[in-house]
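K.L.:
Submitted below is the structure of interest, expressed as structure tokens.
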Protein chains: 2
Amino acid sequence: MSKHALKLIPSSTEHADVPSDCKNCGAYHLCMSLWLKTGDSSLLERVVKKKQVFKRGEVLYRMGQPLEYIYVIRGGSVKTCVSTEDGEVQVMGFHTAGELLGLNAISNREHKCEARAMGVTSVCEVSVERFEELAKKDPAIQYEILKIMSAEIHHGQELLLLLGKHNAEERIAIFLLNLSRQFEKRHCSATEFTLCMSRSDIGNYLGIAEETVCRIFARFQDDGLISSEYRNVKLKDIKRLEQIANQRPLRQTNVASLYS
Amino acid sequence: MSKHALKLIPSSTEHADVPSDCKNCGAYHLCMSLWLKTGDSSLLERVVKKKQVFKRGEVLYRMGQPLEYIYVIRGGSVKTCVSTEDGEVQVMGFHTAGELLGLNAISNREHKCEARAMGVTSVCEVSVERFEELAKKDPAIQYEILKIMSAEIHHGQELLLLLGKHNAEERIAIFLLNLSRQFEKRHCSATEFTLCMSRSDIGNYLGIAEETVCRIFARFQDDGLISSEYRNVKLKDIKRLEQIANQRPLRQTNVASLYS
DNA sequence: CGTCGCGTTGAACCCATTCAAACGAGGTGG
DNA sequence: CCACCTCGTTTGAATGGGTTCAACGCGACG
């Protein structure tokens with residue numbers, strides 16, 4: 001509990017209620033680059049259909065639902081996950097202020113994952129039809145769409161690398177460092193922050209059991225790498241965390257096999 | 001070695017040499033839907049810059065390289081993989097005739113993964129500039145781009161689910177069944193086919209050790225689920241394979257936690 | 001106050017990895 | 001032709017990391 005506190009959580013909870021002015025919105029910069037390249041700032045009001053607030057646990061959209069809106073997160077946090085017919089669930093990502101949700105469904109107009117608010121979350125709903133009208137007229141917007149989908153592919157690749165090639169300790173180190181960088185980008189403290197997701201969600205996301213997450217958090221704390229109580233985390237030795245994240249003491253992969 | 005053989009490997013090796021006629025190309029249908037919506041069939045020749053053949057192990061493009069061409073696979077097989085600075089590699093996917101490669105780099109014009117031929121592989125190189133010119137004029141092509149990127153995201157999600165929520169046995173069962181479906185789509189035998197990738201590649205792709213792949217192949221064979229010698233695989237009991245693929249005897253995931 | 005969700009810790013088990021060794025196929029060169 | 005090498009594959013034995021099951025503390029909430 002530092003007194004000279006930087007923000008421990010990003011712009012989310014401060015104005016989880018609908019902000020009257022977009023300039024306070026976590027998605028402000030994103031929106032500007034998206035719509036306002038057209039030079040018409042009133043456009044924004046015409047495109048954004050509805051501003052809406054979701055409470056903790058509420059669903060923005062489900063798998064299989066037709067794509068109606070694209071969501072811009074103003075504040076709060078959302079998790080996306082896919083599930084199979086037999087009930088297993090995989091958390092795909094955690095999303096906070098400034099991110100766009102729903103774009104990956106734009107091709108077949110059907111959501112391929114589910115989005116659920118993890119805390120009180122404020123979003124802008126953008127009509128897909130309106131959005132596509134704009135995109136058709138403005139190549140810059142098309143380009144933004146590509147960039148976002150591309151980023152999503154890239155994030156998926158990183159997660160894949162995480163699940164395929166790292167043990168539990170490394171996964172959590174990488175996870176914490178990624179969070180740290182994200183917070184830094186949002187001008188929050190990179191070393192002290194509050195997680196918006198449960199241990200269970202972290203475990204699911206990283207492909208390890210909830211208990212393992214706890215244990216490794218405890219181990220990291222014992223080793224002086226971090227200090228954590230519940231969802232408050234403080235990174236105390238980023239150097240060593242990075243060392244763990246990048247260590248590869250595994251069997252040296254047969255380089256020759258790359259050429260097969 | 002059945003005498004009344006269906007094709008065990010798709011159109012690949014048969015015309016790994018450059019086919020003079022696009023109608024023999026594995027990517028024929030894809031190309032038609034991509035370019036010929038414009039109604040101008042000579043367009044195809046103007047856009048496709050070069051037809052090229054890669055030998056086993058040769059690289060189409062590396063991570064970090066500027067995006068110059070998009071590749072349409074005519075025949076053969078290609079694996080894409082990402083790697084980190086410290087030398088670990090994760091196979092992202094196996095690609096065969098009819099697939100497009102390189103599109104996910106279209107936003108920042110820099111390849112985010114590496115593509116390497118697994119056997120003799122024939123491709124069409126398509127100039128990105130030319131391609132984008134076309135895309136700008138034709139919304140249908142933009143839509144195709146979105147569809148392909150969307151499919152890539154979807155495939156990534158499935159792989160993520162595989163790595164995060166399934167044990168080795170299930171992963172291989174799912175892998176084999178996916179292959180089976182792919183072959184079926186290409187009008188090859190769905191039950192008897194030849195793998196184009198090594199055990200090592202399979203293991204890397206599925207996030208398990210090479211030896212584990214061998215062992216499970218052996219176990220499946222002992223149990224009469226498949227018969228396999230080297231890269232020739234025959235699925236003998238798809239029902240039970242599907243049963244393994246969909247079984248979830250794991251701890252029942254706390255459904256309530258979904259709502260957090 | 002009792003319940004529920006979340007977090008934590010302990011102990012036993014087991015699946016997958018790791019290390020090691022060996023085999024067959026294919027290629028090369030003597 | 002055979003010796004030799006490499007690469008991909010296979011199998012065994014031992015180890016360990018992570019899961020699983022269980023129990024408990026804690027705070028929020030009705």
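K.L.:
Taking into account only those residues within segment A:63-87 that are touching a Lys or Arg at 6+ places or on another chain (Cβ under 7 Å) and charged (D, E, K, R), which is nearest to A:Glu125 (Cα to Cα)?
P.N.:
A:Lys79
K.L.:
Would segment A:140-163 turn up any residue that is closer than 30 Å to B:Ala135 by Cα and of a type in the set (Lys, Arg)?
P.N.:
yes
K.L.:
Kindly indicate whether B:Arg171 is modelled with pLDDT of 95 or more, more than 20 Å from the chain's Cα centre (by Cα) and more than 8 Å from every other protein chain (Cβ to nearest Cβ).
P.N.:
When the stated conditions are applied, B:Arg171 does not pass them.
K.L.:
Which residues, counting only those in segment A:194-229, are without any contact (Cβ under 8 Å) to a residue 40 or more places away in the chain and under 20 Å from the mean Cα position of the chain (by Cα)?
P.N.:
A:Leu195, A:Ser198, A:Arg199, A:Ser200, A:Ile202, A:Gly203, A:Glu210
K.L.:
Which residues, taken from segment B:218-230, are near DNA strand D (Cβ under 8 Å from one of its atoms) and either acidic (Asp, Glu) or within 14 Å of chain A (Cβ to nearest Cβ) (or both)?
P.N.:
B:Glu229, B:Tyr230, listed by residue number.
K.L.:
I want to confirm something. Restricting to segment B:195-212 and keeping residues that are in a loop (DSSP other than H, G, I, E, B) and over 20 Å from A:Leu162 (Cβ atoms), which single residue is farthest from the other protein chains (Cβ to nearest Cβ)?
P.N.:
B:Leu195
K.L.:
To continue, here is another question. Being within 19 Å of A:Leu60 (Cα to Cα) and among the aromatic types (Phe, Trp, Tyr) narrows it down to one of A:Phe94, A:Phe175, so name that one.
P.N.:
A:Phe94
K.L.:
From the list B:Lys136, B:Lys185, exactly one residue is away from DNA strand C (no atom under 16 Å from the Cβ), without any contact (Cβ under 8 Å) to a residue 12 or more places away in the chain and in the same structural domain as B:Asp237 (by the TED database). Which is it?
P.N.:
None of the other options fit; the residue is B:Lys185.
K.L.:
Here is a further query. Does A:Glu170 satisfy the criteria of being in a helix (DSSP H, G or I) and either surrounded by fewer than 20 Cβ atoms within 10 Å (Cβ to Cβ) or in contact (Cβ under 8 Å) with a residue 12 or more places away in the chain (or both)?
P.N.:
Yes; evaluated as a whole, the condition is true for this residue.
K.L.:
Going by the conditions given, is A:Lys234 more than 16 Å from DNA strand D (Cβ to nearest atom), more than 8 Å from chain B (Cβ to nearest Cβ) and among the charged types (D, E, K, R)?
P.N.:
Considered against the rule, which asks whether it is more than 16 Å from DNA strand D (Cβ to nearest atom), more than 8 Å from chain B (Cβ to nearest Cβ) and among the charged types (D, E, K, R), A:Lys234 comes out as yes.
Results for (1) of a type outside the set (D, E, K, R); (2) more than 7 Å from every other protein chain (Cβ to nearest Cβ), shown as yes or no for each residue.
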| position | (1), (2) |
| --- | --- |
| B:Ser107 | yes, no |
| B:Lys137 | no, yes |
| B:Ile141 | yes, yes |
| B:Leu163 | yes, no |
| B:Asn167 | yes, yes |
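K.L.:
Answer with yes or no whether B:Arg130 is among the basic types (Lys, Arg) and either in a strand (DSSP E or B) or at the interface with chain A (Cβ under 7 Å from one of its Cβ atoms) (or both).
P.N.:
In short, no.
K.L.:
Out of (1) in contact (Cβ under 8 Å) with a residue 60 or more places away in the chain; (2) within 30 Å of B:Gln243 (Cα to Cα); (3) in a helix (DSSP H, G or I), what's the single condition that is false for A:Gly164?
P.N.:
Exception for A:Gly164: condition (1).
K.L.:
Answer yes or no: is there a residue in segment B:184-206 that is farther than 25 Å from A:Gly207 by Cβ, in contact with a Lys or Arg (Cβ under 7 Å, 6 or more places away or on another chain) and near DNA strand D (Cβ under 10 Å from one of its atoms).
P.N.:
Checking segment B:184-206: at least one residue is farther than 25 Å from A:Gly207 by Cβ, in contact with a Lys or Arg (Cβ under 7 Å, 6 or more places away or on another chain) and near DNA strand D (Cβ under 10 Å from one of its atoms).
K.L.:
Filter segment A:74-119 for residues that are of a type in the set (Lys, Arg), under 22 Å from A:Asn178 (Cα atoms) and surrounded by fewer than 20 Cβ atoms within 10 Å (Cβ to Cβ) and give the result.
P.N.:
none
K.L.:
Being of a type outside the set (Phe, Trp, Tyr) and either assigned to a loop (DSSP other than H, G, I, E, B) or under 23 Å from B:Leu163 (Cβ atoms) (or both) is the filter here, so list the residues in segment A:213-240 that pass it.
P.N.:
Scanning segment A:213-240 gives A:Val213, A:Cys214, A:Arg215, A:Ile216, A:Asp223, A:Gly224, A:Leu225, A:Arg231, A:Lys236, A:Asp237.
K.L.:
Here is a follow-up. Given the conditions (1) more than 26 Å from B:Gln157 (Cα to Cα); (2) within 12 Å of chain A (Cβ to nearest Cβ); (3) modelled with pLDDT of 95 or more, report the number of the one that B:Arg215 does not fulfil.
P.N.:
(2)
The values are calculated or read from the model by the stated rules, or taken from the named source; none is laboratory data. Owing to the predicted nature of the structure, the values given are computational and were not obtained by experimental measurement. Note that we place each Cβ from the backbone using ideal geometry, even for glycine, and neighbour counts take in every protein chain shown.
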